[in-house]
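Nothing in this text is a laboratory measurement; each read-out follows from the coordinates by a stated rule. Given the structure is predicted, the values throughout are model-derived calculations rather than measurements. A quick note on method: Cβ atoms are made from the backbone with ideal geometry, for glycine too, and the neighbour counts reach across all protein chains shown.
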Amino acid sequence: MTFKEFNFKPQLQRAIDDAGFKEPSPVQEEAIPIILEGKDIVGQAHTGTGKTAAFGLPILNMMELDGSVETVVIVPTRELATQVSDELYRFGKYLGVNTATVYGGSSYSRQIKHINNAGIIVATPGRFLDLLSSGQINISPKFLVLDEADEMLDMGFLDDIKEIFTYFDAPRQTLMFSATMPPAIRELSKTILYRPEFVTITKSNVTNDKIKQNYYVVRENERDDALIRLLDFKDPEKAIVFCRTKREVDRLSNFLASKGYMAKGLHGDMEQRQREEVIKAFKRDALEILIATDVAARGLDVSNVTHVFNYHIPFDSESYVHRIGRTGRAGKEGVAISIVTPHEFNSLKKIQKNVGSQLESKVIPTIADVQMRQKDALKEKVASQEISDVARAFVEELQKEFVDEDIALKLASLMYKANDIDGSDKIGMTTGEVEKLFHRFENEEAQKRGSKRRNRGHNNRGRNKRRRDGDDRGNRNRNNNRRR
């Protein structure tokens, strides 16, 4: 289906068209009709599946635009508050909807001023509760949204959430979204929602089928060279490189910048202003590569990310889904690339099994591969280049010493040299070596399964022996009873 089939207000549909959205994601297709019916909802879906639009679009369509605060969205972090607020403002711009972003560490008076002119508040729990409990704001929203509810639970906000809801009377429409459903979140849903509908995005469609997922097996000391080679070969318009640690983010961002890439890091130890500047630069294409930790990128919503690179694969499948969900958005195609070592191969296969999608093994391109890839770009540059008088005079000077063919070859060689490719010609494992690694992994798994079966057989024999011993004792007891 398409977004036009939801029959949104023309102003809202215009904003959707501007954003380039054409086909709804699974969570949007299931959740939007339920929300438009006025029902409460519990949506279980990971970040990157389009949750903001899933609740934001139907709410914007139903808002009366009466000048009051009609909608409150509660999120776990300042970064996510800014992202959600920006996206809702973008969708509501032709409706005249203003959003206010509320979080700690910023001026109370400025935030209250924004609230007085807003139809939507996007807030973190702590600061929002402060404003409510101190009486600095008095609002009666028609729509309440809890986004990333499990994250708020992990961060210790559960009591704040419960208290926030004591300030708002029914009737209201309440929407809850969470990647996982621990018992505490299920209990919370029972207390703050009224007969909710449940939408669950299953493992089979957790990862976007428009994201090509590839992995490259390298040795540990080849990671940097592999990343550089892949960046040169793929030539991404906008990419996020994920690292496990803040120290790794700092080192890698400095390394890439030293190689001439427009790259900057993003992690939790940076000041809020620094983080906002980096995100804004990445959004407006002043950066082509963002290097980030999982926590720093949680809730990050930047359109037109063409590639996601896993410098190290994450520790769990959920983080993998969060990471690659940064690309392939709004119906567009994306590429997710993981750099792994033989030591990490087992973890990679477990992730593949858990997310239910196929990761394809690839070989790191050679220098010649990159040069061939660059050939078309160089041809375009040559074709579009205007001929200057200085260049004409220079070629005439060269023609006194060289034939035309040699001049062309020498100038082309200079162009290729300017795009010199760093690193060894061959990086990482070949297809044959990866196949051997895969077979070794399969054999190890088979041996583990065989060992488990043998252990079960041993346990069964023990149980059978005990059962026979018990039967023998039972028979002896029965015979003794007969003799008595």
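Values as computed for the structure displayed
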item	result
Residue exposure sequence - Met62, Met1 - by fewest surrounding Cβ within 10 Å	Met1, Met62
Binned Cα-Cα distances of the range 3-201, short to long, each 5 Å bin given as a whole percent	1, 8, 18, 21, 23, 17, 9, 4, 0
Length gained when the stretch Glu333-Val382 is fully extended (0.36 nm per residue, less Cα-Cα span)	14.7 nm
For peptides 322-328, 174-180, sequence by mean Cβ density within 10 Å, most packed first	322-328, 174-180
Amide H partners (placed H, <5 Å) of Ala123, local residues excluded	Val73, Ile74, Val75, Val102
Burial order of peptide ranges 338-344, 392-398 (average beta-carbon count within 10 Å, highest first)	338-344, 392-398
Relative contact order %, the range 3-201, counting alpha carbon pairs below 8 Å whose residues are six or more apart	29 percent
Per-selection Rg to Rh, the chain - Cα, Kirkwood hydrodynamic radius	1.12
For peptides 436-443, 423-430, sequence by mean Cβ density within 10 Å, most packed first	423-430, 436-443
Amide H partners (placed H, <5 Å) of Asn310, local residues excluded	Phe242, Ile337, Ser338, Ile339
